[in-house]
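Structure first, then comments.
The values are calculated or read from the model by the stated rules, or taken from the named source; none is laboratory data. Please read these numbers as outputs of a predicted model, since none were measured by experiment. Backbone-built Cβ (ideal geometry, glycine too); neighbour counts: all protein chains shown. All accessible areas refer to the heavy atoms of the entire protein, side chains included, with ligands and DNA or RNA removed. Shrake-Rupley method; radii C 1.70, N 1.55, O 1.52, S 1.80 Å.
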Amino acid sequence: MNKYQKSLLTETSCSMRHCEERVWTGEIFFFKQNEDITLKDYVLYISNPSIEAVFAIDGDAQTPFEEKEGRFCFLVDFDHKIEGIKIVFKNGLADDLIVPVEYVEADKEAYYAQKEKERKDALLAAASIKCSTGADLVNIYFQPCCKEYDRTEIILYRDNQMLAKYKVDEDSFFKSIGGLAYGTYSFILKQFDKAGETVLETAPMLFTIHSSRHGKPLVVI
């Protein structure tokens, strides 16, 4: 970029839909993808009274930007990256200039991990799992986590050892487990769809049976 081109480009105003970062640095175009990778309509806007035309450079192809209301517009596609942007100045004020483009893609793995967490959190909230304890028992309450729900299974543990699996009747939404000595237990609740696929599996959920001689109150989780 020579001094004439640089001087003319100081008047450049540039923005891109869905991008909060600075797009034009004065030397390059900087395209940063939004964290939401499902967004596609990244429209780049360039305005400068000294610019006659703008082209997207992709190999030997040159695609002209559309001009609307004094601005040059172009749909940026993060799945089909261009190599640069060619700027043509009015009245030969300076030589044509090809400006490099730098892309920064979003972290797709982080996006999908966040969406999966949100999905599981929503299922867990819908299942509304609660439990209460008595002298030697625990009652576990729940709701179907989704419309595909068919049945529930509860697995009981103590000291990291599996004690029993309980298949809950499809029309019941609680399970009472008796004959428990005092101490701390955990359970995992799993829900299945009609095809037998797991739609929800909780992390271990703790509860405590207190010795009745200590006069402890019921524990509700």
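Count of segment 73-88 residues, restricted to those that are in a strand (DSSP E or B) and open to solvent by less than 50 Å² (accessible area, probe 1.4 Å), is 8.
Limited to segment 106-129, what total is found for residues that are closer than 10 Å to Cys145 by Cβ and without any contact (Cβ under 8 Å) to a residue 12 or more places away in the chain?
The total comes to 2.
Inside segment 154-177, can you point out the residues that are small (Gly, Ala, Ser) and closer than 16 Å to Lys130 by Cβ? Once the filter is applied, which keeps residues that are small (Gly, Ala, Ser) and closer than 16 Å to Lys130 by Cβ, segment 154-177 yields Ser172, Ser176. In summary, Asn160 fulfils each of the numbered conditions (1) open to solvent by 70 Å² or more (accessible area, probe 1.4 Å); (2) modelled with pLDDT of 95 or more; (3) more than 30 Å from Lys32 (Cα to Cα); (4) among the polar types (S, T, N, Q) with the single exception of condition (2). Checked against (1) within 20 Å of Ser186 (Cβ to Cβ); (2) surrounded by 13 or more Cβ atoms within 10 Å (Cβ to Cβ); (3) at pLDDT 95 or above; (4) among the small types (Gly, Ala, Ser), Ser128 passes all but a single condition, namely (2). Would you say Thr152 is surrounded by 15 or more Cβ atoms within 10 Å (Cβ to Cβ), of a type outside the set (A, V, I, L, M, F, W, C) and at pLDDT 95 or above? For Thr152, the condition - surrounded by 15 or more Cβ atoms within 10 Å (Cβ to Cβ), of a type outside the set (A, V, I, L, M, F, W, C) and at pLDDT 95 or above - is met.
For segment 26-40, the set of residues classified as more than 16 Å from Lys81 (Cβ to Cβ) and more than 18 Å from the chain's Cα centre (by Cα) consists of Gly26, Glu27, listed by residue number. Every residue in segment 41-72 that is polar (S, T, N, Q), within 17 Å of Ile28 (Cα to Cα) and part of a strand (DSSP E or B), please. Ser47 - this is the single residue of segment 41-72 that is polar (S, T, N, Q), within 17 Å of Ile28 (Cα to Cα) and part of a strand (DSSP E or B). For segment 166-195, a tally of residues being of a type in the set (Phe, Trp, Tyr), touching a Lys or Arg at 6+ places or on another chain (Cβ under 8 Å) and touching a residue at least 24 places away in the same chain (Cβ under 8 Å) returns 2. Against the condition open to solvent by 80 Å² or more (accessible area, probe 1.4 Å) and hydroxyl-bearing (Ser, Thr, Tyr), how does Thr63 come out, does it pass? No.
Residue count for segment 173-205 satisfying the condition of being under 34 Å from the mean Cα position of the chain (by Cα) and not in a strand (DSSP E or B): 8. Take the conditions (1) touching a strand residue (DSSP E or B) at 6+ places or on another chain (Cβ under 8 Å); (2) farther than 23 Å from Gly92 by Cβ; (3) of a type outside the set (Ser, Thr, Tyr); Asp58 misses just one of them, which is (1).
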